[in-house]
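Undergrad: Got a structure for you, written out below as structure tokens; questions coming shortly.
The values are calculated or read from the model by the stated rules, or taken from the named source; none is laboratory data. Keep in mind that what you see is a predicted model, and the values were worked out from it rather than measured. Using ideal geometry, Cβ is built from the backbone for each residue, glycine included, and neighbour counts are taken over all protein chains shown. Calculation scope for accessible area: heavy atoms of the full protein, side chains included, ligands and nucleic acids excluded. Shrake-Rupley method; radii C 1.70, N 1.55, O 1.52, S 1.80 Å.
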Amino acid sequence: MNVADSEVVGGILQREGYTFTKELGEADVILVNTCAIRDNAEVRIYGRLGLFGRYKKERPGVVVGLLGCMAERLRVQLVEEERVVDLVVGPDEYRKLPALIDQAYQGEKGIAVRLSRVENYEDIVPLRLEGVSAWLSVMRGCDKFCTFCVVPFTRGRERSRSLKSIIDEAHMLVDQGFKEVTLLGQNVNSYRDGDLDFAGLMRSVAGVDRNLRVRFTTSHPQDMSDRLIETVASTTNICKYVHLPVQSGSNRILELMNRSYTIEHYLALAEKIRKQMPGVGLSTDFISGFPTETPEDHGATLALARNVQFDGAYTFKYSARENTKAWQMTDDVSDEEKGRRVNEIATLQHEISLELNQKMVGATVRVLIDGESKKSAEEWSARTDANKVAVFPKSGEAVGDYVDVVITRANSATLFGSRVEAKAALEAAA
Ligand code: 5AD
Ligand code: SF4
């Protein structure tokens, strides 16, 4: 989400004549986009500010701006307490950046943190660096108010972009050579433009170009409609991959979290998805150590993970966030115990992912090459439709190519294989 937002910021500044550099030493303006979802995300930013402070000593004219959710959350405090920061700009005020930067050059600190009910930046062309896969933000904000989550407070109310602006952007991405697009939203499946729901949007985006792979994230179980499942299942270029955060395997905890579904509902949903999309990749998020979570609740989460057999899971220690409802509850699971529970889930998930990946040995899968393997310049890294990473030896392909790979071995994170001889092509040539 923040990568997409940074690209919007890049787009806004590019219109004003700014150019982008990855070299900190070359930059006249340094902007850091921040996350406030958990405390450790914020701690990392303070470290970064220390680094920028040292740069500023060497080059006193440099403007440093802090953007995003942390800016929204801490507002004035950051400008007042962090001497290095010249600007603090929340997620809905990026259009003000050029003016605020000019002001900072005059030595005046700037702050803009008002949230909007309508801002969706749909007229801004994001500044995307080259690649095969693009993010396309289709809605902003969240109205779900899960009791642990700061997002409704830092990113504001839900609002969707118009279908037209999204389709225009998808066409542009295809023209620029992108092969895959991920529709993004905090709560993407509650997208709505008049009568058009998220399923309708997905169908339209997929219709832009059948060679464009379409993905989406993140979905809330409550809005995972039958229509959406059918659309994903029946549209060839919509990837069969669903990230569906469950957060906990205990109904008592889910209720305290205000997640608005039960485990029974979630299990039925997962089954429906698996049934309609054989081979679908299913992943989730878990939070460990939510207030009052007992060993039994934690056991229920482990049982759920075993039951659903997710392809992947992200597990986080509960982090109390100011303003949220859960902030009022006692954060009564010790950090050590949270860590223990997170590890236990991660170990179990590792075993499950390994087993599921090993079942794919012998299968032939179509993958999209997204870059060189991190471990070897002789190999490609690619992704399957179900969002699994596949690594295989290069033999004349290019980034952005679709190829068929036969899987020969697997670990919990990666499939390894080799290119299937293009039998049909060989036969045609003979
Ligand atoms: N503490 C820990 N994890 C959190 N998440 C959101 N808020 C918190 C919090 N306060 C996790 C949820 C969500 C993911 C993006 O981050 O699992 O799905
Ligand atoms: Fe936060 Fe997601 Fe819940 Fe919205 S649906 S409040 S973004 S966890």
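Undergrad: Go through (1) within 30 Å of residue 72 (Cβ to Cβ); (2) crowded, with 18+ Cβ neighbours inside 10 Å; (3) in contact with a strand residue (DSSP E or B) (Cβ under 8 Å, 6 or more places away or on another chain) and name the single condition residue 314 misses.
TA: (2)
Undergrad: Report, by residue number, each residue of segment 116-155 that is open to solvent by 60 Å² or more (accessible area, probe 1.4 Å), under 21 Å from residue 96 (Cα atoms) and away from ligand 1 (no atom under 15 Å from the Cβ).
TA: Initial filter on segment 116-155 (open to solvent by 60 Å² or more (accessible area, probe 1.4 Å)): 117-118, 122-123, 125, 129-130, 135, 143, 145, 153.
Among the residues that remain, those that are also under 21 Å from residue 96 (Cα atoms) are: 117-118, 122-123, 125, 153.
Of everything in segment 116-155, those that are open to solvent by 60 Å² or more (accessible area, probe 1.4 Å), under 21 Å from residue 96 (Cα atoms) and away from ligand 1 (no atom under 15 Å from the Cβ) turn out to be 117, 118, 122, 123, 125.
Undergrad: Within segment 130-155, which residues are away from ligand 2 (no atom under 15 Å from the Cβ) and either on the phi < 0 side of the Ramachandran plot or among the β-branched types (Val, Ile, Thr) (or both)? Break it down stepwise before answering.
TA: So the first thing to find is which residues in segment 130-155 are away from ligand 2 (no atom under 15 Å from the Cβ), and the list is 130-136.
130, 132, 133, 134, 135, 136, listed by residue number.
Undergrad: Something else: Within segment 156-167, track down each residue that is open to solvent by 20 Å² or more (accessible area, probe 1.4 Å) and within 16 Å of ligand 2 (Cβ to nearest atom).
TA: Correct list: 157, 158, 160.
Undergrad: Please go through segment 302-327 and pick out each residue that is part of a helix (DSSP H, G or I), within 16 Å of ligand 2 (Cβ to nearest atom) and either basic (Lys, Arg) or farther than 17 Å from residue 36 by Cα (or both).
TA: The answer is 325, and nothing else.
Undergrad: Do we find that residue 145 is farther than 17 Å from residue 120 by Cα and modelled with pLDDT of 95 or more in this structure? Steps first, answer last, please.
TA: Numbers: farther than 17 Å from residue 120 by Cα: yes; modelled with pLDDT of 95 or more: yes.
It is true that residue 145 is farther than 17 Å from residue 120 by Cα and modelled with pLDDT of 95 or more.
Undergrad: Looking at 330, 364, which is the one that is open to solvent by 20 Å² or more (accessible area, probe 1.4 Å), under 30 Å from residue 320 (Cα atoms) and polar (S, T, N, Q)?
TA: Numbers: 364 fails: under 30 Å from residue 320 (Cα atoms).
Unique residue meeting the criteria: 330.
Undergrad: Give the residues of segment 164-186 that are touching a Gly at 6+ places or on another chain (Cβ under 8 Å) and either within 15 Å of ligand 1 (Cβ to nearest atom) or assigned to a helix (DSSP H, G or I) (or both), sorted by residue number. Give the derivation first.
TA: Filtering segment 164-186 for residues touching a Gly at 6+ places or on another chain (Cβ under 8 Å) gives 177-179, 186.
Result: 186, single match.
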